[in-house]
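All remarks here apply to the structure that follows.
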Amino acid sequence: MPTMTMTMTMTMTMTMTTDTEAEGIPVISKVSSLAVSVGVLGMLSTLMTATVWHLPVWVLFLAWASFFFVGSGVPGLLKSVACNWTGIAIATATLLSVHNTSSALLLAIAVGVGSFAMVQVSRLSWISATPAIVFGFAMTVGTIAATGNSITTSGVSNPALIAATTALVGAGFGIASEWGATAIGMLAQSTGLRRAVQ
């Protein structure tokens, strides 16, 4: 038993601490807190999209990543969603402009113009994260490929609407995982976790 306790203590200390200690007692790191939060919410989001709300889970994860790329907190959520939705709008306009043609050249030109537009609109401060705009464009095209629905599909099956909804939900999971990590860190400091890893 002493060997098992020592092994568990060493494992917890190595995985849940940083090089710094508070008063000689290891504390859970921000990365570990975030890993636990993202792991739990990642599981829940996958279960949700597979059983309850059939959104494309990979679009949700792209939006989640976009949230962390753009920033954090409510400002990060708002900017990430704004950028994603801008990309979705540009993708929609791009695809609508060529939906009646099968010409690869016209499609290429339309995508080129759309790409130009994505970079140009990022001059605006509230949508200045160009990669997050590109994520939105990719979310739209990917949703079309995944669902088989055209950009002209009406109603709740429209790929742009699905992508926009999922972008908002994914950003929500992003901020929830951030808040969860903070809560885990605070809980770890106020409970016996610090003592458990001594």
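A short reminder: the numbers here are calculations on the coordinates, not readings from a lab. If you're wondering where the values come from, they're calculated on a predicted model, not measured in any experiment. Every residue, glycine as well, gets a Cβ built from its backbone with ideal geometry; the counts of neighbours run over all protein chains shown.
Among 33-41, 101-109, the peptide with the highest mean count of other Cβ atoms within 10 Å heads the list, and the full ranking is 33-41, 101-109.
When the P(r) of the range 41-198 is calculated, the portion above 19 Å amounts to 58% of the C-alpha pairs. Charge tally for Thr130 (other residues, Cβ to Cβ under 15 Å; Lys, Arg +1; Asp, Glu -1): +2.
The Cα-based radius of gyration and maximum Cα-Cα distance (Dmax) for the range 88-144 are 11.6, 37 Å.
For the range 128-142, backbone phi angles converted through the Karplus equation (6.51, -1.76, 1.60; θ = phi - 60°) give residue-by-residue couplings of 7, 8, 3, x, 5, 5, 4, 4, x, 4, 5, 4, 5, 4, x Hz, Gly and Pro being listed as x.
Listed peptides 77-84, 137-144 appear in the order 77-84, 137-144 once ranked by packing, highest mean of other Cβ atoms within 10 Å at the front. Projected label points at Thr101 and Trp126, each 7 Å from Cα along the beta carbon direction, are separated by 3.4 nanometres.
Remark: C-alpha extents of the range 104-192 on the principal axes read 64, 32, 19 Å, sorted largest to smallest.
Amide hydrogen proximity for Val27: with H placed 1.01 Å from N in the peptide plane, the residues at 5 or more positions away or on another chain lying under 5 Å are Thr18, Ala22.
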